[in-house]
Amino acid sequence: GYWGSRSKVFTIAKNTVEKGLQYAYRDRKVKKREFRALWIQRINAGARQHGISYSQLIGKLASKEIGLNRKVLADLAMNHPEAFKAVIDAVK
């Protein structure tokens, strides 16, 4: 709940709730950007362990028409390194 006049005075409470809804709307958009950036960092870290950069990996995946998205690649890099290595070996 809210504290002070934000919980007692209707007009201030209404303004506070509306501002909270604005933050929620904005941050639903920001969340998508932040997760994509996190996935890219994880893919890049995993790829560099195998001697290839992120941009080279994504370019080669596209040219070989391997349809793995960044979310899946990041999960493979973090939790299934042997499967991630197999993906990298497939594009080298």
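Computed from the coordinates by the stated procedures, all read-outs in this text should not be read as laboratory data. What you are looking at is a predicted structure, and each value in this text was computed from that prediction instead of being measured. Cβ: placed from backbone, ideal geometry, glycine included. Neighbour counts: every protein chain shown.
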**Q.** Between helix 70-79 and the chain: long-axis angle, C-alpha atoms, 0 to 90°, nearest 10
**A.** 70 degrees
Q: Please count, across the stretch 5-91, the pairs of lysine residues with Cα atoms under 19 Å apart that sit 8 or more places apart or on different chains.
A: 10
Q) Looking at the chain, which GluC sites (Glu not before Pro) are DSSP coil and have at most 12 other C-beta atoms within 10 Å of their C-beta? A) GLU65
Q: Treating the angle as unsigned and between 0 and 90°, give the value, to the nearest 10°, between the Cα long axis of helix 10-49 and the longest Cα principal axis of the chain.
A: 10 degrees
